[in-house]
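J.: Got a structure here, written out as structure tokens. Questions coming.
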Amino acid sequence: MRWVAYRASQRRLRFTRAEVRTELHRPGPCLVIAHSLGSVIAFDMLTRDDTGPGPGPDGLTILVTCGSPLAWPTIRHFLGQDAALQLPDGIEWLNLHAAGDIVAQSGLAAVAPAVRDEPVSNGISNPHSALRYVEKQPLADLIVKTGAL
């Protein structure tokens, strides 16, 4: 039973990587917005040789992480990233983190020197909410800057 579940997971993982690889290598400006565990997946895929960020200025230009647990030592260790977190050259990295979001803690600047950490206010009832993160001005400014939408 475990072998079947593992194979199914491996198939899903290969499919997901293929889909992401296709999207990252489309022509035109590319912006990736990743929330919570999605930020871990995005970081992992962008730093893998088999996925990569896409070609030059027509590939990925900006990664936005929201409510990211990438500062957690266990997550970085699992990714094989015990040193400072780095994206490939040419990718701007914005990280939004909210007070009270226990997943995001206090941002990523301490573990990712090139990241631009932006504290935002998501309220007290659900500070980890993806919807609250994506409605913030720093993200809107980047979308306009890249012309990604």
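J.: Using the Karplus curve 6.51 cos²θ - 1.76 cosθ + 1.60 with θ = phi - 60°, work out ³J(HN,Hα) for each residue of region 113-127 in order, rounded to whole Hz, and write x for Gly and Pro.
T.: Once rounded to whole Hz, the list reads x, 8, 6, 9, 7, 10, x, 10, 10, 10, x, 9, 6, 7, x.
J.: So who's got an amide H within less than 5 Å of the one on residue 92, skipping anything under 5 residues away but keeping other chains? H placed 1.01 Å off N, in plane.
T.: Distant-sequence amide H within range of residue 92: 62, 63.
J.: Once you have the Cα-Cα distance between residue 21 and residue 102, take 0.36 nm times their residue separation minus that, and quote the gain in nm to one decimal.
T.: Numbers: separation 81, 0.36 × 81 = 29.16 nm, distance 3.07 nm.
In short, 26.1 nm is gained.
J.: So, one more: Would you mind getting the accessible area per residue of region 63-149, heavy atoms of the protein chains only, 1.4 Å probe, in Å²?
T.: Working: 4690 Å² over 87 residues.
Spelled out: the 1.4 Å probe surface of region 63-149, per residue, equals 54 Å².
J.: What does the charge add up to near residue 121, with Lys and Arg as +1, Asp and Glu as -1, over the other residues with Cβ less than 12 Å from its Cβ?
T.: Working: positive: 132, 136; negative: 101, 118, 135.
Charge balance in the 12 Å sphere: -1.
J.: Could you sort the peptides 98-107, 134-143 by per-residue average Cβ neighbour count (10 Å cutoff), highest mean leading?
T.: Details: 98-107: 18.0, 134-143: 14.4.
Going from most to least packed, we get 98-107, 134-143.
J.: Starting at the first residue of region 92-107, write each ³J(HN,Hα) from the Karplus equation 6.51 cos²θ - 1.76 cosθ + 1.60 with θ = phi - 60°, in whole Hz, x for Gly and Pro.
T.: Couplings: 7, 10, 10, 10, 9, 9, 10, 4, x, 7, 6, 6, 7, 6, 10, x Hz.
The values are calculated or read from the model by the stated rules, or taken from the named source; none is laboratory data. These figures come from a predicted structure and were not determined experimentally. Because the Cβ atoms are built from the backbone with ideal geometry, glycine has one as well, and the counts that use them run over all protein chains shown. Note: accessible area is taken over every heavy atom of the protein model, side chains too, but ligands, DNA and RNA are not part of it. Shrake-Rupley method; radii C 1.70, N 1.55, O 1.52, S 1.80 Å.
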